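Trainee: Starting off with a structure, shown below.
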Amino acid sequence: MNLFHGWTASDIPDLSGRRALVTGTTSGLGLATATALAAHGAHVVMTARDEARGQAAVDGVRTEVPGASVELALLDLADLASVRALAADQAAQPLDLLVNNAGVMAVPHGSTADGFERQLGTNHLGHFALTGLLLPALTQRPAVRVVTVSSIAHRSGAMNLADLMSQQSYDPWKAYGQSKLANLLFVRELARRVRAAGLDLVSVGAHPGISRTELVASGPAKGRGLFGAMMGLGTALVAQSARAGALPQLRASTDPAVVGGEVYGPRGLLEARGLPQRVGVAPQAQDDVAAGLLWEESVRLTGVAFDALVATG
């Protein structure tokens with residue numbers, strides 16, 4: 001890494017022999033992440049909800065990176081049956097890296113297949129369950145990582161453990177902020193538990209700043225009133241490309257200096273754009289009591305208990 005210019009994709013080490021699974025790879029940050037990992041030698045499992053779009057993404061990576069080792073796996077994080085099916089298919093094979101990237105943003109009120117509020121269910125609970133179910137694969141090799149992608153919106157988030165599903169009232173942005181805060185509390189609590197268990201696994205967070213992806217187009221910029229229109233305009237004016245936005249999660253995934261519990265984001269003004277560096281998080285994302293309570297509630301809701309960590313919890 002050039003200390004003056006900062007960390008770039010050229011700093012990704014040789015990943016030959018490493019196996020990674022990235023969620024949400026049909027476009028945007030997930031596709032950029034999968035492409036970069038494959039370009040540096042990793043075998044990448046690319047997940048998608050839609051088989052046709054997923055296959056198109058896989059074909060695109062193979063075109064851009066001749067000889068890329070990639071495969072498609074179907075996954076709908078808003079359906080725990082789908083999460084379990086993918087994990088059952090993948091858990092027997094060693095996994096070096098899991099990138100919990102997929103998500104939804106500021107969507108209208110709705111429920112997942114399991115009755116969870118859609119944003120918390122997709123962004124947090126789906127990834128929580130996936131990580132726990134893939135733990136057998138993540139404990140077969142040393143120096144493995146789980147990278148969970150959050151957002152600068154976590155700073156406006158508040159955990160309402162008494163009404164996690166926003167049944168009393170629903171605001172799309174409050175629900176989104178809560179789900180992104182949940183991501184970082186999960187990073188923190190997983191890091192604590194793997195340390196206590198003595199596992200060689202790094203749990204780390206990342207956020208992309210403001211990036212041009214389909215997440216904005218399908219969420220807040222899609223006719224959601226004045227704030228949504230402002231978000232769309234702001235994205236058009238200051239957002240960086242998906243490739244640039246993926247750099248924090250790529251650094252979190254591959255930089256040998258990364259330590260469990262850290263979070264990476266853009267180094268520019270307000271962390272909106274720029275090359276990746278370690279960043280701070282809001283005080284509510286450092287609340288160990290909330291992290292523990294959210295973990296226990298997530299176990300109850302998903303039925304996924306992280307068996308390898310139970311004795312240390």
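The values are calculated or read from the model by the stated rules, or taken from the named source; none is laboratory data. Just so it is clear, the structure is predicted and the values come from calculations on it, not from any experiment. Using ideal geometry, Cβ is built from the backbone for each residue, glycine included, and neighbour counts are taken over all protein chains shown. When the accessible area is computed, the model is the full protein with side chains, heavy atoms only, and any ligands, DNA or RNA have been set aside. Shrake-Rupley method; radii C 1.70, N 1.55, O 1.52, S 1.80 Å.
Trainee: Among the numbered conditions (1) closer than 27 Å to Asp200 by Cα; (2) open to solvent by less than 10 Å² (accessible area, probe 1.4 Å); (3) aliphatic (A, V, I, L, M), tell me where Ala175 comes up short.
Mentor: (1)
Trainee: Could you figure out which of (1) over 21 Å from Leu86 (Cα atoms); (2) open to solvent by 20 Å² or more (accessible area, probe 1.4 Å); (3) part of a loop (DSSP other than H, G, I, E, B); (4) in contact (Cβ under 8 Å) with a residue 12 or more places away in the chain isn't true of Met105?
Mentor: (2)
Trainee: Given the conditions (1) within 19 Å of Ala34 (Cβ to Cβ); (2) outside any helix (DSSP H, G or I); (3) open to solvent by 50 Å² or more (accessible area, probe 1.4 Å), and given that Ala158 satisfies all but one, which numbered condition is not satisfied?
Mentor: (1)
Trainee: Select, from Val259, Val304, Val299, the only residue that is out of contact with any Phe, Trp or Tyr (no Cβ under 9 Å at 6 or more places or on another chain) and modelled with pLDDT of 95 or more.
Mentor: On inspection, the qualifying residue turns out to be Val259.
Trainee: Exactly one condition in (1) closer than 19 Å to Leu130 by Cβ; (2) surrounded by fewer than 21 Cβ atoms within 10 Å (Cβ to Cβ) is false for Leu37; which is it?
Mentor: All conditions pass for Leu37, except number (2).
Trainee: Name, by its number, the condition in (1) in contact with a His (Cβ under 6 Å, 6 or more places away or on another chain); (2) open to solvent by 40 Å² or more (accessible area, probe 1.4 Å) that does not hold for Leu184.
Mentor: (2)
Trainee: Within the group Ser82, Ser16, Ser10, which residue is surrounded by fewer than 24 Cβ atoms within 10 Å (Cβ to Cβ), under 15 Å from Ala246 (Cβ atoms) and of a type in the set (Ser, Thr, Tyr)?
Mentor: Ser10
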